[in-house]
Amino acid sequence: MHSDLQQKDINHHFKPFSDNKELAEQGSRVIAHAEGVYIFDSEGNKLLDAMAGLWCVNIGYGRQELVDVATAQMSKLPYYNLFFKTTHAPAAKLAEKIASLAPAHMNKVFFTGSGSEANDTVFRMVRRFWDLEGKPTKKTFISRENAYHGSTVVGASLGGMGYMHAQGDLPIAGVEHVEQPYFFKEVSSKADVDLTPEEFGIKAAQSLETKILEIGEENIAAFIAEPFQGAGGVIIPPSTYWPEIKRILSKYDILLVVDEVISGFGRTGEWFASQHFDLKPDLMPIAKGLSSGYLPIGGVIVGDRVAETLIEKGGDFNHGFTYSGHPVAAAVALKNIELLESEGIVERVKNDISPYLQKRWLELADHPIVGETRGLGMVAGLELVKDKATNERIAPDSKAGGICRDFSMANGLIMRPCGDTMIISPPLVISHAEVDELIEKAKKTLDQTAAFYNLVK
Ligand SMILES: *Cc1c(COP(=O)(O)O)cnc(C)c1O
């Protein structure tokens with residue numbers, strides 16, 4: 001039987017990234033409230049949210065300071081646009097604050113309502129940049145298979161998700177995809193490939209150079225990548241990957257777009273993963289942790305080279321959103337960043353809670369159905385396998401991931417399946433005791449998944 005709310009939802013709510021027909025039978029879980037790292041559903045279940053919502057609630061739930069700032073800003077100026085020679089305090093202050101935290105050569109911020117809009121903005125900025133530079137043939141974007149860059153037409157095209165491309169005739173023209181640095185998938189689980197992670201990292205990176213030579217430097221606008229792939233399954237490139245990408249990009253005049261929508265605002269223990277991986281992006285899309293998800297806001301941090309051309313030579317930039325730099329969202333984002341700073345949350349990630357989380361997550365590698373664990377900062381993943389020797393998968397069509405997720409939810413832990421990869425990205429404020437709870441529940445979940453498939457030795 002569905003509750004009244006579930007029935008309303010079934011009748012009238014067309015839900016994102018869902019099989020709406022299947023859900024009409026099951027009914028959706030109604031999330032009622034949240035506090036700290038926990039969410040509570042309408043049945044009274046308490047769940048440790050090891051995904052921080054959708055990778056975004058970096059500061060944790062229930063921060064009254066953010067509520068107060070939103071309330072005050074709503075009373076003072078709930079809305080005004082930034083198009084017609086106007087600005088307001090939250091947008092100006094937030095832009096300055098973001099620029100102060102970004103790599104030194106990045107000093108301008110363009111605001112959007114989301115990460116997808118940020119990538120649409122990148123697309124237009126980059127193409128405009130090359131036109132203004134007198135190189136109008138440089139229009140093609142190179143991305144990677146299994147990348148995630150959002151769900152608008154441009155976002156999904158830049159992304160490398162086949163199941164998204166299959167709907168809506170994507171990708172659009174002018175987007176190419178190269179190899180992803182996913183060692184477990186491409187090497188560990190294949191008997192006929194024998195490469196070390198370091199060798200594979202170089203090989204994956206070199207697929208970029210092959211593509212550049214194939215379509216010609218004169219046609220390529222930019223390379224876009226997440227520093228580590230998030231939605232693709234917490235894929236952390238081998239140590240050789242980014243240095244080789246940097247070597248290749250320095251040979252050719254191609255812009256680097258580092259999609260920091262997940263990795264920004266402390267998730268790696270630095271403000272941005274570009275600082276962790278020592279990258280020098282020309283553009284950085286941001287969203288998610290920018291406001292810790294309390295209100296929708298995103299943006300593009302623009303490096304000096306691109307900003308100078310667009311601003312000095314460009315005249316009007318004919319792009320923007322009604323809610324670009326929305327004052328309430330911007331005020332909340334600014335306060336969120338101030339709290340991350342004043343409470344030392346990013347330093348705590350680096351020096352305390354990330355080392356602890358990663359040490360404990362590594363214990364799961366010993367489990368009989370875990371082929372690999374990996375992690376960085378406050379993200380981690382593990383691969384479900386039938387046999388640790390061959391890394392053969394448990395069931396066809398990545399069914400084991402869904403089964404594992406269902407056990408996890410029943411145990412009060414939100415882990416997300418990406419195929420047969422189980423991933424986490426908890427709030428940065430998670431305590432040691434809560435990490436212990438997460439690991440205990442993950443172990444129980446793995447035991448139950450093994451038992452379900454009769455894999456108990
Ligand atoms: C979530 C995500 C996006 C899209 O952000 P939305 O706010 O959902 O539009 C873009 N890039 C990356 C890397 C993401 O994880």
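The values are calculated or read from the model by the stated rules, or taken from the named source; none is laboratory data. What you see is a predicted model; the values in this text were computed from it and never measured. Every residue, glycine among them, receives a Cβ derived from its backbone with ideal geometry; neighbour counts consider all protein chains shown.
Got a number for residues in the range 338-358 being surrounded by fewer than 22 Cβ atoms within 10 Å (Cβ to Cβ) and over 23 Å from ALA102 (Cβ atoms)?
Qualifying residue count, the range 338-358: 4.
Listed here are the residues, each with its yes/no results for (1) in a helix (DSSP H, G or I); (2) charged (D, E, K, R); (3) not assigned by TED's automatic domain parsing to the domain that holds GLU437.
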position: ALA330; (1), (2), (3): yes, no, yes
position: LEU334; (1), (2), (3): yes, no, yes
position: ILE337; (1), (2), (3): yes, no, yes
position: VAL349; (1), (2), (3): yes, no, no
position: ILE353; (1), (2), (3): yes, no, no
position: GLN358; (1), (2), (3): yes, no, no
position: LEU362; (1), (2), (3): yes, no, no
position: ALA365; (1), (2), (3): yes, no, no
position: PRO368; (1), (2), (3): no, no, no
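Being surrounded by fewer than 14 Cβ atoms within 10 Å (Cβ to Cβ) and among the hydrophobic types (A, V, I, L, M, F, W, C) is the filter here, so list the residues in the range 78-87 that pass it.
Listed by number, the residues that qualify are PHE83, PHE84.
Of these, ILE301, ILE262, which one is within 12 Å of the ligand (Cβ to nearest atom), buried (at least 24 other Cβ atoms within 10 Å of the Cβ) and outside any helix (DSSP H, G or I)?
After applying the criteria, what remains is ILE262.
Among (1) crowded, with 24+ Cβ neighbours inside 10 Å; (2) basic (Lys, Arg); (3) under 17 Å from GLU308 (Cβ atoms), which single condition is ARG144 missing?
Every listed condition holds for ARG144 apart from (3).
Residues of the range 265-282 being free of Cβ contacts under 8 Å to residues at least 60 places away in the same chain and surrounded by fewer than 20 Cβ atoms within 10 Å (Cβ to Cβ), which ones?
ASP278
Does at least one position in the range 374-391 carry a residue that is farther than 12 Å from ALA450 by Cα and in a helix (DSSP H, G or I)?
no
Determine, yes or no, whether ILE39 is of a type in the set (A, V, I, L, M), crowded, with 16+ Cβ neighbours inside 10 Å and more than 30 Å from ALA433 (Cβ to Cβ).
no
Just name the residue that is surrounded by the most Cβ atoms within 10 Å (Cβ to Cβ) out of those in the range 121-140 that are within 29 Å of SER292 (Cα to Cα) and touching a strand residue (DSSP E or B) at 6+ places or on another chain (Cβ under 8 Å).
Of everything passing the filter in the range 121-140, VAL122 is surrounded by the most Cβ atoms within 10 Å (Cβ to Cβ).
Is there any pair with a first residue in the range 217-229 that is under 16 Å from GLN206 (Cβ atoms) and a second that is within 15 Å of the ligand (Cβ to nearest atom) and in a loop (DSSP other than H, G, I, E, B) whose Cβ atoms are under 6 Å apart and which are 6 or more apart or on different chains, and what are they?
none
In the range 397-432, what count of residues is obtained for those that are within 19 Å of the chain's Cα centre (by Cα), without any contact (Cβ under 8 Å) to a residue 60 or more places away in the chain and part of a loop (DSSP other than H, G, I, E, B)?
Count: 1.
Scan the range 204-257 residue by residue and report those that are of a type in the set (Gly, Ala, Ser) and in contact with a helix residue (DSSP H, G or I) (Cβ under 7 Å, 6 or more places away or on another chain).
Passing the criteria: ALA204, ALA205, ALA221, ALA222, GLY230, SER239.
Which one of these does GLY174 not meet: (1) within 17 Å of PRO227 (Cα to Cα); (2) in contact with a Phe, Trp or Tyr (Cβ under 9 Å, 6 or more places away or on another chain); (3) not β-branched (Val, Ile, Thr)?
Single failed check for GLY174: (1).
Assess whether PHE84 counts as being modelled with pLDDT under 95 and assigned by TED's automatic domain parsing to the domain that holds ARG305.
For PHE84, the condition - modelled with pLDDT under 95 and assigned by TED's automatic domain parsing to the domain that holds ARG305 - is met.
Scanning for something among the charged types (D, E, K, R), without any contact (Cβ under 8 Å) to a residue 40 or more places away in the chain and out of contact with any strand residue (DSSP E or B) (no Cβ under 8 Å at 6 or more places or on another chain), does the range 322-337 turn up at least one residue?
no
So GLY150 clears everything in (1) within 12 Å of the ligand (Cβ to nearest atom); (2) part of a helix (DSSP H, G or I) except one condition, right? Which one?
In the conditions (1) within 12 Å of the ligand (Cβ to nearest atom); (2) part of a helix (DSSP H, G or I), GLY150 misses (2) alone.
Has the range 219-227 got any residue that is within 15 Å of GLU176 (Cα to Cα) and part of a helix (DSSP H, G or I)?
Yes, some residue in the range 219-227 is within 15 Å of GLU176 (Cα to Cα) and part of a helix (DSSP H, G or I).
Counting just the residues of the range 52-69 that are of a type in the set (A, V, I, L, M) and either within 13 Å of the ligand (Cβ to nearest atom) or crowded, with 19+ Cβ neighbours inside 10 Å (or both), which one comes out nearest to VAL379 (Cα to Cα)?
Top of the filtered list is ALA52.
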